[in-house]
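Working notes, structure below.
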Amino acid sequence: MSTFLLEIGTEELPADFARLALPQLEQLVQRDLREARLGHGAIQCTSTPRRLALTIRDLEARTPDLQEDRKGPPAGQAFSDGLPTAAAIGFANRCGLAPEALEVRDTPKGPFVFATVLEPGRSAQELLTVWIPQWIQGLQGRRFMRWGEGDSRFSRPVRWLVALLDDAVLPVVLESCDPPVVAGRDSRGHRLLAGAVPIAHAEAYADALAAVGVQVERRARSQWIHQAVEQAAGQLGAQPDCPPALYDELTDLVEAPLLLEGQVQDAYLDLPAEVLSTVMRAHQRYVPLYRRDAERDPLALDARNSLMPRFLCIGNGLPESAATVQRGNERVLKARLADAEFFVQADRAVASIDRRDQLERVTFAEGLGSLLDRVERLEWCTDALLDQLALEPATAVAARRAAHLCKHDLVSQMVGEFPELQGVMGGKYLLAEGEGRAVALAVLEHYLPRGAGDDLPSSEAGSVVALAERLELLLSIYAKGERPSGSSDPYALRRAGNGLLQILWSQGWALDLLALLERATAHWSQILPACGVDAPALALELADFLRQRLLSLLEEAGVDPDLAQAVAGDTVPLERVLRDPADARQRADLLVALRRSGELAAVQAVVTRAARLAEKGSLAPTVLTAAAVVDAALFEQPSEAAMLQVLNSLEPIATGTSAERYGLLAQGLTAGASALAAFFDGDQSVMVMADDPAVRSNRLNLLAVLRNQASVLADFSRLSG
């Protein structure tokens with residue numbers, strides 16, 4: 001068993017490349033090892049900004065010999081008068097054998113020619129020498145480049161290569177690089193320290209680089225950064241604002257991490273905290289520090305009560321240069337914050353209502369007019385939503401005002417420089433101008449959620465405008481004929497659909513989405529005549545799109561796929577799903593709870609047995625009452641009367657509107673198990689498919705009503721098990 005080391009040395013790699021390349025490299029290696037049948041132990045891929053490294057432990061010296069029988073042409077075609085024909089000779093040549101070595105064997109389809117082929121094993125060294133250039137060429141990423149006169153493409157120029165099998169250098173040359181790169185045993189240390197770092201043995205790789213200050217193990221480097229940031233922040237009584245994406249980026253920007261602390265000039269704390277943190281995180285990759293016990297006000301106009309006048313950063317320099325690097329970081333941050341201060345002052349000099357008028361000069365999308373046109377459509381959606389939602393008058397007023405002003409900051413200088421602050425700056429500017437807090441908060445929140453796992457709007461006015469924003473986007477982009485397909489979704493329509501449903505669930509609002517879509521598509525066909533909108537078809541397409549989003553969200557929330565299909569799948573009428581999306585979520589949650597408690601199986605058994613026979617009848621699935629379709633005078637056994645009693649007890653639950661009706665319905669169905677068992681089995685059982693048509697229809701209707709009442713909860717035919 002050997003240890004194999006491959007190090008691809010490069011110029012400074014983009015921070016996101018390693019995160020994308022390491023899984024690819026591991027997959028390529030595993031594929032080739034598997035296909036070659038070369039035994040191995042652990043595969044480890046790691047990286048620093050200047051290298052990708054691969055280690056394979058317990059690698060076998062060679063692949064085993066492979067003996068296999070290959071089937072050739074029928075014997076009648078392979079031999080003529082005992083001599084091999086052209087077919088036999090060709091088959092033998094392909095197998096590397098003489099025709100005399102072929103055998104004739106009987107098979108179920110008659111005699112055929114077979115060849116026993118022995119494929120000798122190959123050494124690991126031979127295979128690795130071939131694979132290494134292929135692995136490097138097989139890596140994919142964004143913005144690959146060529147350099148010099150060579151044809152090689154990579155994220156950054158490849159400058160050295162280490163390829164060791166234990167202590168032996170593999171004879172690998174990357175001919176397509178300029179200059180050609182020849183594998184050796186010399187790595188390189190920190191970029192500020194010249195000189196080669198010889199690797200005596202593949203197992204000594206990490207220790208050799210650690211000796212020159214390089215932490216080559218990416219996971220260990222990430223843990224060190226996490227611990228250093230948390231420890232430093234804790235000593236300052238602060239909470240670091242370092243999301244996972246920034247931790248990943250910091251990990252891939254340094255190979256000798258060094259924690260530094262810097263100062264923020266006091267005057268800049270007059271800027272909003274989000275401005276300071278965005279400048280630090282997005283532009284400088286610094287870690288802002290929030291006061292641990294401070295309450296964060298999303299509309300605060302300054303950072304004095306929330307942000308500390310300090311920041312942390314992870315350097316890649318030498319410890320003796322820490323003070324110089326710190327001063328340089330503070331100087332760069334000061335210049336950035338001075339620009340931000342100028343942007344805020346320039347924006348505050350223009351009234352938000354005047355910025356709204358400037359939206360007319362900015363195109364939203366081809367065929368959909370300007371951003372101002374979009375805002376006016378968004379205001380219409382807000383009115384349509386408020387017509388359905390029974391909200392307080394003050395909330396409705398705030399929502400309408402927020403919809404009117406929600407996009408004004410898109411033409412502000414601050415958002416032009418920092419697009420991620422859209423909405424945030426809009427809300428703060430409005431509050432500073434004297435708009436009500438409810439309006440300002442709604443403008444800030446109408447972008448929420450920005451993606452999976454993001455916060456949802458906390459205010460009702462903000463939720464209404466957020467719904468309107470997503471509804472307008474879906475209607476307008478679909479009206480102009482664009483659809484999300486595969487991985488292509490340039491307008492983030494799937495995210496918009498998800499957000500719309502998540503907001504409804506969060507607020508617990510019963511919103512008739514189907515009626516809203518029908519009304520909105522009719523309006524869109526009038527205001528966008530050039531798009532040729534077919535209102536009914538567009539409403540149906542959007543409704544189906546939202547059904548798919550609802551199913552996806554349920555599964556992401558941990559609902560089993562069959563349960564999600566039972567409450568919102570394509571066998572459930574669209575009207576049932578979209579007349580109240582919050583209702584679908586409630587039913588799904590109940591089914592999940594019933595399955596976890598083991599109670600769902602009993603309910604499912606009752607409904608499935610009834611539904612299977614009910615399909616032989618003709619009762620409409622909307623009939624929930626037995627009175628008009630079941631005639632007690634036709635009963636021949638007490639079990640039929642008992643079944644009717646069950647249906648009558650379930651009727652007020654199935655037709656009711658109380659919040660507890662679904663749980664009560666599940667309990668009632670479970671309780672009806674004994675009546676159904678007596679109906680089918682035992683001394684009082686009946687033959688459902690009786691000879692008398694009236695009796696047969698009566699019994700089928702009993703079962704069909706039970707099925708229909710159960711379908712108020714779910715389509716039980718979609719459940720597995």
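Relative to the current alpha-carbon distance between Glu555 and Thr324, full extension at 0.36 nm per residue lengthens the span by 78.0 nm. Here the stretch 592-721 is assigned +1 on the Cβ of each Lys and Arg and -1 on the Cβ of each Asp and Glu. Its dipole about the Cα centre then comes out at about 540 debye. Only lysines eight or more places from Lys71 in sequence, or on another chain, were considered; those with a Cα closer than 27 Å are Lys109. In the set (1) 32.2; (2) 36.1; (3) 48.1, the label that goes with mean projected area of the Cα convex hull in nm² computed for this structure is (3). Label positions at Asp166 and Arg105, each projected 7 Å from the Cα along the C-beta direction, are separated by 3.9 nm.
For the stretch 623-695, the solvent-accessible area of protein heavy atoms averages 51 Å² per residue (probe radius 1.4 Å; ligands and nucleic acids excluded). Each of Pro49, Phe79, Ala101 was scored by the projection of its Cα onto the charge dipole of the stretch 1-104, and the greatest displacement toward the positive side belongs to Pro49; charges sit on the C-beta of Lys, Arg, Asp and Glu.
Within the stretch 350-432, report the GluC sites (Glu not before Pro) that DSSP leaves as loop and that have at most 10 other Cβ atoms within 10 Å.
Details: sites: Glu360, Glu366, Glu376, Glu379, Glu417, Glu420; in loops: Glu366.
Sites meeting the loop and neighbour criteria: Glu366.
Need the list of lysines near Lys428 for cross-linking: C-alpha distance under 21 angstrom, and skip anything on the same chain fewer than eight residues off. Reachable lysines: Lys407.
For Thr85 and Gln667, what is the calculated FRET efficiency with R₀ set at 60 Å and r taken between the beta-carbons, to the nearest 0.05? My answer for the efficiency is 0.15. The distance between label points at Ala602 and Gln125 comes to 7.2 nm (points 7 Å beyond Cα on the Cα→Cβ vector). The dipole here belongs to the chain: it is taken about the Cα centre, uses +1 on the Cβ of Lys and Arg and -1 on the Cβ of Asp and Glu, and is about 680 debye.
Kindly report, to the nearest 10 Å², the accessible surface of Ile653 as traced by a 1.4 Å probe over protein heavy atoms only. Taking all protein chains as shown, Ile653 has close to 40 Å². Spin-label model, Asp455/Met689: points 7 Å from Cα along the beta carbon direction are separated by 6.3 nm. Remark: the Met1-Gln284 segment gains 97.2 nm on full extension, using 0.36 nm per residue and subtracting the alpha carbon distance.
Estimated purely from DSSP H runs of n ≥ 4, each contributing -39500 (n - 2.57), the mean residue ellipticity at 222 nm for the chain is -15500 deg cm²/dmol once divided by its residues. Maximal additional length on extending the Ala351-Ser649 stretch stands at 100.9 nm, based on 0.36 nm per residue less the C-alpha distance.
Using 1/(1 + (r/R0)^6) with R0 = 51 angstrom and r between the beta carbons of Ile527 and Gln223, what's the FRET efficiency to the nearest 0.05?
0.35
Determine which residues of the stretch 587-601 fall in the zone a paramagnetic label at Ser658 would reach in this model, i.e. backbone nitrogen under 13 Å from the point 7 Å along Cα→Cβ. In the stretch 587-601, the label zone of Ser658 (backbone N under 13 Å from the point 7 Å along Cα→Cβ) covers no residue. At what distance in angstrom do the alpha carbon centres of the stretch 305-382 and the stretch 449-525 lie from each other? If you average the Cα positions of each part, the centres end up 26 Å apart. Between Ala335 and Asp266, what's the calculated FRET efficiency when r is the beta-carbon distance and R0 is 22 Å? Round to 0.05. Computed FRET efficiency for Ala335 and Asp266: 0.85. Under 15 Å from the 7 Å Cα→Cβ point of Arg191, by amide nitrogen: which residues of the stretch 152-167? Counting only backbone N, you get 155-160. Test of the criteria: in the stretch 615-721, which GluC sites (Glu not before Pro) are in a DSSP loop and have at most 16 other Cβ atoms within 10 angstrom of their Cβ? The qualifying sites are Glu615, Glu636, Glu660. Just to confirm my numbers, what's the Cα centroid distance between the stretch 675-696 and the stretch 536-595 in Å? Between the Cα centre of the stretch 675-696 and that of the stretch 536-595, the gap is 35 Å. Assuming charge only on the beta carbon of Lys and Arg (+1) and of Asp and Glu (-1), the dipole of the stretch 418-513 about its Cα centre is about 220 debye to the nearest 20. Projecting the Cα atoms of Ala323, Ile353, Tyr429 onto the charge dipole of the chain, computed from C-beta unit charges around the Cα centre, puts Ala323 farthest toward the positive end. Distance between Cα centroids, the stretch 41-118 to the stretch 397-419: provide it in whole Å. Cα centroid to Cα centroid, the span is 69 Å.
Ordering Trp224, Ala202, Gly234 by the projection of their Cα atoms onto the charge dipole of the stretch 165-239, which places +1 on the Cβ of Lys and Arg and -1 on the Cβ of Asp and Glu, puts Gly234 at the extreme positive end.
The values are calculated or read from the model by the stated rules, or taken from the named source; none is laboratory data. As the structure is a computational prediction, the values presented were derived from the model and not from experiment. Neighbour counts run over all protein chains shown; Cβ positions are idealised from the backbone, glycine included. What goes into the accessible areas is simple: the full protein's heavy atoms, side chains included, and nothing from ligands, DNA or RNA. Shrake-Rupley method; radii C 1.70, N 1.55, O 1.52, S 1.80 Å.
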